[in-house]
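The values are calculated or read from the model by the stated rules, or taken from the named source; none is laboratory data. Just so you know, these numbers come straight off a predicted model, no measurement behind them. With ideal geometry, Cβ positions are generated from the backbone for all residues, glycine too; neighbour counts draw on all protein chains shown.
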Amino acid sequence: MGSRSVQGASSAGSRSGDRLRVACCISSLAQGGSERQMSLLAMLLARRGYDVEVLTYRPVRFFDPVVEAAGVPIRRISLPQSGRLRRALAARRAIHAGRPDVVIAFLGGSSLYAELAGLPRRRFGLIVTEVSVPGDTVDMSQRLRLARHRLADAVVTQTDYTKRLLVEAAPWLDGRIAVIRNGVDLAAFRPDAPHSSRRSAGGTTRVLVLAGYRPEKNPFGMLAAMEHVRRARPTARVELDW
């Protein structure tokens, strides 16, 4: 654990009368699920009154205009083209330059840089994410990646299924894992009105799943849910498109 936990950082910020400084680290705000979640999180934290900054290191701008329009600055980190140690040190300098109280890192590369930036004695709360854990045999490289999370205060995942896979692969993380569901902007994503002409003919409910078809995306859980619907409402007509 760092010299200040996430709760400790929050208390320190309120005692000083300053806004809590939050650094959101991700490779880029490209077109992807994790990138969308990071964008939404940064905007919501800023709306709550936190001093939020997004740090990226790849030149892909998809959600950037939306985040910047919400008043959240995005700082591009310049990393060396080669040399893992040089890249890690450059990321460390960039993270510390913002003097964050809390660092939230999404995806593998950003989580690694944030965890190493806290050595040898971390002075900020650190939250990392694990959103896609292999559902089969976990090899040595994956175990080493999970072992790094001992350097974080909390490991956040999005589903109970992924948490179970994490605990099976890395039992030592059990007390640090938290499940936080994906956020959804209901102003942009909402179902059609009941009378909408876009509904499928014949009263069929169509379900569209936007995810990779891999074990860690829990397709068996979806199949179990469909079976539950079939038993609860035998006359219901449901089409699933994955």
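Tabulated results
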| item | result |
| --- | --- |
| Selected residue (only one of Glu53, Glu35 is on the phi < 0 side of the Ramachandran plot, surrounded by 15 or more Cβ atoms within 10 Å (Cβ to Cβ) and either modelled with pLDDT under 95 or part of a helix (DSSP H, G or I) (or both)) | Glu35 |
| Filter pass, Val131 being under 19 Å from the mean Cα position of the chain (by Cα), aliphatic (A, V, I, L, M), modelled with pLDDT under 95 and part of a loop (DSSP other than H, G, I, E, B) | yes |
| Every pair of residues 6+ apart whose Cβ atoms lie under 6 Å, when the first sits in the stretch 157-185 and is surrounded by 15 or more Cβ atoms within 10 Å (Cβ to Cβ) while the second is of a type in the set (Lys, Arg) and outside any loop (DSSP other than H, G, I, E, B) | Thr157/Lys163; Ile177/Lys163 |
| Exclusive hit being within 30 Å of Val103 (Cα to Cα), of a type outside the set (D, E, K, R) and assigned by TED's automatic domain parsing to the domain that holds Leu44, set Leu166, Leu186 | Leu166 |
| Among the residues listed as Leu112, Leu146, Leu126, the single one being touching a strand residue (DSSP E or B) at 6+ places or on another chain (Cβ under 9 Å), touching a residue at least 24 places away in the same chain (Cβ under 8 Å), more than 14 Å from Ile177 (Cα to Cα) and assigned by TED's automatic domain parsing to the domain that holds Glu35 | Leu112 |
| Test: residue in the stretch 190-203 that is in contact with a Ser or Thr (Cβ under 6 Å, 6 or more places away or on another chain) and at pLDDT 75 or above | no |
| Condition broken by Ala187, with the remaining ones in (1) part of a loop (DSSP other than H, G, I, E, B); (2) modelled with pLDDT of 90 or more satisfied | (2) |
